[in-house]
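Report on one structure; see the data block that follows.
The values are calculated or read from the model by the stated rules, or taken from the named source; none is laboratory data. Predicted model, so just to flag it, every value in this text is computed and none were measured. Heads up, the Cβs are rebuilt from the backbone with ideal geometry, glycines too, and the neighbour counts pull from every protein chain shown. Heads up: the accessible areas ignore ligands, DNA and RNA and are worked out on the full protein's heavy atoms, side chains in. Shrake-Rupley method; radii C 1.70, N 1.55, O 1.52, S 1.80 Å.
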Amino acid sequence: MNRKFTTGAAPHLPPISTVGEVMRQVLYALCPGVIAYTWFFGTGILLQILLATGFALLFETLMLKLRQQPVALFLNDWSAVVTAVLFALCLPPLAPWWIACVGMFFAIVMAKHLYGGLGHNVFNPAMVGYAVVLISFPQAMTQWLPPISIAPTDIGFLDGLWAILSGQPPAGMTWDAITRATPLDTIRTSVASGQTIAEARQLQTFGDLGGRGWEWIANGFAAGGIWLMWRRVISWQVPTAMIGSVIVLGLAGYLLDPGSNPSPLEHVFSGAIVLGAFFIATDPVSGCTSPRGRLIFGAGVGILTLMIRRWGAYPDGVAFAVLVMNMAAPLIDRYTRPRIYGG
Amino acid sequence: MQDSAVERARNAGKRLFHFHGGLRLHHHKQASCQVAVQSVAIPPRLYIPLMQHAGPEATPLVGTGAHVLKGEPVARFNEPSIGYVHAPTSGTIAAIARQAITHPSGLEGLCVVLKPDGLDRWTRLQPMEHWQSADPELIRQRLCESGIVGLGGAVFPTSRKVEEARNFGIHTLILNGAECEPYISCDEMLMREQPDKVVLGALILQKAVAAEQVIIAIEDQMEEVFSALQAAISNADCTHMRLVKVRTIYPEGGEKQLIQVLTGLEIPAGCRPPELGLLCQNVATAAAVAEAVTEGKPLVQRIVTVTGNGVKRPHNLLALIGTPISTLVDACGGYTHDAARLVLGGPLMGYALASDQNPVIKAANCILVLSNRDIQSDQAEMPCIRCGECARVCPALLLPQTLNWQIRNDLLDDASDSGLGECIECGCCDYVCPSHIPLAEWFRFGKSEHQLLAMERSQSNLARDRYLAREARLEQLKQDRERRLGEKKQALRDRTSVTGGTMGQGPA
Ligand code: SF4
Ligand code: SF4
């Protein structure tokens, strides 16, 4: 018998994972948090996710076509969907549709493809999109709903859909009547107006650990994030360093001046700290790669977030903190190169 | 090497250490371990390559038509202390011709074609009856004359290693029985079936290099091997020989990794184990040493694992060097219907062969036939997403994603600074990469390109005076290299597009 074979480079083993699989696992891990979000704040967030995903896939396809890249291959990597979902999770549930459109344009077209597409973006695309809409549409981006349990009026699915598509409050309501400041906003304004945080805490929007409802969403994201760590989809360094630095710095501030600083737990369980720690700052492309670099990166995001919360112009600062650290990542990587074998 | 390191090396195996990264893989060994090793019938023709290891080919000592006996030298290496190539059986020399040899390059090489006479008659054998009291130099010469090479895959001439070891002074001989690559089971079967020969070979090697102690390292899952070897050691009544079980994790059987596990010491590129007083030998090499010294038989056969989903009845076979691979596969019941790739060696470090007419060589520890399902070679390459998985598993503590980028952009010096030379080409990074980047292939390419670059430079130093000519020549060489880089990219791209995918590289 004389038989010919096609050759190929070692290793001769089936690959154990694909980029698409990594991204899909991230999406699964987001589910508990999204479910909690829907439970406490209604179905608006699901609409935002759908909208953002739709725009993301649209822009992704267009850009792949323009750049003459294989469309099916890259749509299959699910990275655009992850970007879209993370972006949507930062939006007020009833934000008008064009916010998702503008955000996804900046995320997918500007931050991702103009830098070279998957794997080449310097900045976290979802956070670029979010920062752009936050700065451009401050009004729309602060129309947050209170948790359903304490909401004055019930906003149904169709009401939400109407509000998102029209940019108007649901029929017969005004924005003022249905929106509430987020807990972090409340803390900000009350401290600014000379009240202590203890007074703000009496408000209904606060729960046991952080913001009412928000704390459960954070728990949901944490559960998914820990699953991702266990599956080794994300490294342990970034979340640990980020949450750790928030706790340490938050505790220091709280001990120094409990009147004007939230407790470390309130920091962790309000806003985007947990989502950011497990899902945003862990984006491998725009973050650090070395283990020590990842510790520094995570801690940097945590520290910057608290600084922005305390002194910045926005109540939450995860997005800006991530973008700043994205810029520093190559430098951090350069100085935290692991020791080479035998060296 | 500092004395403290040598001191630590002396305590090898007393405590076990870990190396960074590595993979826990499915063994796939059971299939070929079920039945005893069987001999393959002598084929109608044997093709004995004259290049069996690194370095130039051997010069033939016989002409076409000559009759040779089994074990007679048919070619000789010109370099000292490498020795001979021997006739694996008795017969007539049918030809000395260029043909495909079993080599990663896939190139042709000179082969002695032997037509066996079917008698399998040995030449006059000269066992060393009293090796215990013999001059170690005579033992070394015997290894050289018998064509003994490292049978773990590296096929470095053993007499050379022994010579080098003697120059440095060795205290510990390590026998490597940690066959860590999946599918391969030839060493395991050898240790199970002929533990006495392995131990005897160890004692001879110990004598040859005057080592104080011997450590035989096996994997912790090799229960049968453990008891067999232990019995053999107590039979031989040697107190300075120890059996050590190491974790079953790839690439624990790599020389550097095994030494790190046994001593906690890392051996950087350019430094060799003898500098620490250590000598590593594969267990099959030890068995071959025993045969060469106590029976006078040169290395003319070896145990080969023939396995994988592509063969009907996986087996370990005792085959004469030069037997066509197809003969071995036939002895295993032939191919299954979905045999898709023929690999010499294991799935991580072995190389694919284009034809099963290639002969068995001394380095052939395994013939692995894989089905399409096993390799899934149709996976398209994606851009690196910097996930860091490759660095997490790299036993050499490298950053494969950085190396990959540097090599592709022709930054060979940077790659070298980043530790390319430390890469042991184990393929761990490649295996875990979610973007399916052929990292190991790029590193093999980068290493050979960097070697070439170094050669070009040393030549250009000689011609320093003729500055302009040198500039022009370097420019030409650079262009050549860029062309090869482009070809490599194209080749890898073709590989994926043949099977339907397209490589999405982004603007590199
Ligand atoms: S494993 Fe692959 S995708 Fe991940 S960092 Fe390494 S080369 Fe890049
Ligand atoms: S092939 Fe080289 S770079 Fe990759 S894991 Fe092995 S030693 Fe590290």
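Against the compact-protein benchmark of 2.2 N^0.38 Å, the Cα-based radius of gyration of the range B:336-385 scales to 1.34.
Rounded to the nearest 10 degrees, the inclination of helix B:467-498 to the longest alpha-carbon principal axis of chain B is 80 degrees.
Which value in Å does the Kirkwood hydrodynamic radius of the range B:379-487 take, with 1/r averaged over all unlike C-alpha pairs and then inverted? Please report the intermediate quantities before stating the final value.
Values: mean 1/r = 0.0670 Å⁻¹.
For the range B:379-487, the Kirkwood estimate is 14.9 Å.
Would you mind getting the Kirkwood hydrodynamic radius of the range B:35-132 from its Cα pairs, rounded to one decimal in Å? This gives a value of 14.6 Å. Over the range B:150-231, the fraction of Cα-Cα pairs per 10 Å bin, rounded to whole percents and listed from the shortest bin up, is 17, 48, 31, 5.
Relative to the dominant Cα principal axis of chain B, helix B:223-236 is inclined by about 40°. For the segment B:341-348, counting C-beta atoms of other chains within 10 Å of every residue's C-beta and taking the mean gives 4. Residue-wise HN-Hα couplings along the range B:377-383, as the Karplus relation 6.51 cos²θ - 1.76 cosθ + 1.60 with θ = phi - 60° gives them from phi, are 6, 8, 6, 6, 7, 10, x Hz; Gly and Pro carry x. Protein heavy-atom accessible surface, 1.4 Å probe, per residue over the protein assembly as shown: 41 Å².
From other protein chains only, count the Cβ atoms within 10 Å of every residue's Cβ in B:386-399, then give the mean. It would help to have the intermediate numbers written out before the result.
Numbers: counts 11, 12, 10, 7, 1, 4, 3, 0, 3, 1, 3, 7, 3, 6.
Neighbouring Cβ atoms belonging to other protein chains average 5 per residue here.
How high is the relative contact order of the range A:195-335, given as a whole-number percent (alpha carbon pairs under 8 Å, six or more residues apart)? Intermediate results must be reported in sequence, preceding the final value.
Working: 192 pairs, mean separation 37.2, N = 141.
Worked out over the range A:195-335, it gives 26 percent.
Summarising the overall dimensions of the range A:195-335 from its C-alpha atoms, the Rg and Dmax are 15.0, 48 angstrom. Size of the range B:303-371: Rg and Dmax of its alpha carbons, in Å, are 10.3, 29.
In summary, the helical segments of chain A meeting the span-like criteria, namely a full DSSP H run, a Cα extent along the axis of 18 angstrom or more and a mean Kyte-Doolittle hydropathy of at least 1.0, are A:19-41, A:44-66, A:237-256, A:318-335.
A convex hull fitted around the alpha carbon atoms of chain A yields 168 Å³ per residue.
Let me know the mean shielding of B:324-332 by other chains, meaning the per-residue number of their Cβ atoms within 10 Å of its Cβ. Please list the in-between numbers first.
Working: counts 2, 1, 3, 1, 0, 2, 1, 0, 0.
Per-residue shielding by partner chains comes out at 1.
Quick check of the Kirkwood formula: for the protein assembly as shown, what is the inverse mean of 1/r over all pairs of different Cα atoms, in Å? If you can, show how the numbers build up before the last one.
Details: mean 1/r = 0.0327 Å⁻¹.
Averaging 1/r across every pair of different Cα atoms and inverting gives 30.6 Å.
Could you work out what % of the accessible surface of chain B is carbon and sulfur, using a 1.4 angstrom probe and leaving DNA, RNA and ligands out of the count?
Numbers: 10190 of 19920 Å².
Exposed carbon and sulfur together represent 51 percent of the surface.
In the frame of its principal axes, chain B has Cα extents of 67, 57, 56 Å, reported largest first.
Chains B and A together bury roughly 4700 Å² of accessible area, counting both sides, with a 1.4 Å probe on protein heavy atoms only. For the range A:78-237, the fraction of C-alpha pairs farther apart than 24 angstrom is 48 percent. Near the amide H of B:Ile367, within less than 5 Å, lie the amide hydrogens of B:Thr305, B:Val306, B:Thr307, B:Gly345, all on another chain or at least 5 residues away, with H placed in the peptide plane.
Charged side chains reduced to their Cβ positions (Lys and Arg at +1, Asp and Glu at -1) give the protein assembly as shown a dipole of some 820 debye around its Cα centre.
Where does the protein assembly as shown land at 222 nm, in deg cm²/dmol rounded to the nearest 500, when only DSSP H runs of n ≥ 4 count, each adding -39500 (n - 2.57), divided by all residues?
On the way: 32 runs with 371 residues, N = 851.
Roughly -13500 deg cm²/dmol at 222 nm, from the helical runs in the protein assembly as shown.
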